[in-house]
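A short write-up of the structure that comes next.
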Amino acid sequence: MARDFKRQNKLAVISELNVTPLIDLAFSLLIIFMITTPVIEQYNRIDLPSQKTSQAQEPPMFNDQFITIEANGQFRWGKDAVTQGTLEAKLDEVAGTEGDQPTIHIRGDRSLPYQKIMDVVNMLKARNLSKLSLDTKAG
């Protein structure tokens, strides 16, 4: 509590409340809300038209190819067993096709020397097939 030292009775307490800081706070908050409200509402409210179609759009076709290298070094193109020469011929065929090149997934057995996987990666690199995925087991 504040005391007024100009009065006769110096020990008397002033019972008035000083509201100046409260008014300053109220005006500061008002200015802050006036500035932030237009920033928050920066979108236009429009009623978008609906589209009714009788044909459903088909999802895009993915042309992914899978190369599997088994533990004994045997190559597989999809589910078909192939030799290294046949694998290179299939990669030449994929590289020669027009349009978007497929993603080639390389799946190698855990016990396989990593050089066998790198040999397949080098085959892809020689044919400018850059979309490749080295598949692993999840978990």
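The values are calculated or read from the model by the stated rules, or taken from the named source; none is laboratory data. Here the structure is a predicted model, which means the values were calculated and not measured. A quick note on method: Cβ atoms are made from the backbone with ideal geometry, for glycine too, and the neighbour counts reach across all protein chains shown.
Can you pull out the residues in the stretch 66-124 that are loosely packed, with under 13 Cβ neighbours inside 10 Å, under 24 Å from K137 (Cα atoms) and of a type in the set (S, T, Y)? Within the stretch 66-124, S111, Y114 meet the criteria.
Give the residues of the stretch 108-133 that are among the aliphatic types (A, V, I, L, M) and in contact (Cβ under 8 Å) with a residue 40 or more places away in the chain, sorted by residue number.
Scanning the stretch 108-133 gives L112, I117, V120.
Hey, among F66, F5, F75, F33, which residue is at pLDDT below 75 and not hydroxyl-bearing (S, T, Y)? Testing whether each residue is at pLDDT below 75 and not hydroxyl-bearing (S, T, Y) leaves just F5.
Is it fair to say D92 is in a helix (DSSP H, G or I) and over 17 Å from L134 (Cα atoms)? So D92 fits the description; yes. Looking only at the stretch 61-70, count every residue that is farther than 17 Å from L129 by Cα, assigned to a loop (DSSP other than H, G, I, E, B), of a type in the set (A, V, I, L, M, F, W, C) and in contact (Cβ under 8 Å) with a residue 12 or more places away in the chain and tell me the total. Residues flagged as farther than 17 Å from L129 by Cα, assigned to a loop (DSSP other than H, G, I, E, B), of a type in the set (A, V, I, L, M, F, W, C) and in contact (Cβ under 8 Å) with a residue 12 or more places away in the chain within the stretch 61-70 amount to 0.
For residues that are aliphatic (A, V, I, L, M) and part of a helix (DSSP H, G or I), tally how many sit in the stretch 95-123.
Of all residues in the stretch 95-123, those aliphatic (A, V, I, L, M) come to 95, 104, 106, 112, 117-118, 120-121, 123.
Within this subset, residues satisfying the condition of being part of a helix (DSSP H, G or I) are 95, 117-118, 120-121, 123.
Here the count works out to 6.
Condition check: out of contact with any strand residue (DSSP E or B) (no Cβ under 8 Å at 6 or more places or on another chain) and modelled with pLDDT under 75. Does S28 satisfy that?
On the way: out of contact with any strand residue (DSSP E or B) (no Cβ under 8 Å at 6 or more places or on another chain): yes; modelled with pLDDT under 75: no.
When the stated conditions are applied, S28 does not pass them.
Within the stretch 71-89, which residues are of a type in the set (D, E, K, R) and either within 32 Å of the chain's Cα centre (by Cα) or within 17 Å of S133 (Cα to Cα) (or both)?
Correct list: R76 only.
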